[in-house]
Amino acid sequence: VLLKGGHAAGNPNDLFYDGTDFQWIEGERIHTKNTHGTGCTLSSAITSNLANGLPLQESIEKAKTYISEAIRNSFSIGKGHGPVHHFHSFSKKERSELI
């Protein structure tokens, strides 16, 4: 079980329970309104890491790092909450080749 801490006061620390032990996965609060899609992106990143053969806790920790950087590199669209930047780790050239 992974309880996300994004809506909690302070830093967004998540709580992971593997059926036996509890483990805090610490996060850094990034001040932006562009957080649309964080939960879906986090769960997809965890699943992708598991599909690539990583252990569960490592999959969660890597996914947490990925979503934090996606939030840090987010962008504003319109007037509401903008999306996170899913392709933040690609270079500009690699991003242009995706389009």
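Taking into account only those residues within the stretch 40-57 that are buried (at least 16 other Cβ atoms within 10 Å of the Cβ) and hydrophobic (A, V, I, L, M, F, W, C), which is nearest to L3 (Cα to Cα)? Per the stated criteria, the residue is L42. Would you check which residues across the stretch 13-34 are within 21 Å of G78 (Cα to Cα) and in contact with a helix residue (DSSP H, G or I) (Cβ under 6 Å, 6 or more places away or on another chain) and list them? Passing the criteria: only I30. Within the option set G10, G5, G37, being loosely packed, with under 11 Cβ neighbours inside 10 Å and either within 26 Å of K79 (Cα to Cα) or β-branched (V, I, T) (or both) holds for one residue only, G10. Among the residues of the stretch 6-26, the one identified as under 17 Å from the mean Cα position of the chain (by Cα), part of a loop (DSSP other than H, G, I, E, B) and in contact (Cβ under 8 Å) with a residue 24 or more places away in the chain is G6. Set side by side, the residues G6, G37 differ, and just one is out of contact with any strand residue (DSSP E or B) (no Cβ under 7 Å at 6 or more places or on another chain), of a type outside the set (S, T, N, Q), modelled with pLDDT under 90 and closer than 22 Å to H88 by Cα, which is G6. Each residue in the stretch 61-76 was checked for being more than 21 Å from L15 (Cα to Cα) and outside any loop (DSSP other than H, G, I, E, B), and 1 pass. If you go through the stretch 64-91 and pick out every residue that is surrounded by 12 or more Cβ atoms within 10 Å (Cβ to Cβ), over 12 Å from T38 (Cβ atoms) and touching a Gly at 6+ places or on another chain (Cβ under 8 Å), you end up with 1.
The values are calculated or read from the model by the stated rules, or taken from the named source; none is laboratory data. Note that this is a predicted model, so its numbers are computed, not measured. So basically every Cβ, Gly included, is an ideal-geometry build from the backbone, and we count neighbours across all protein chains shown.
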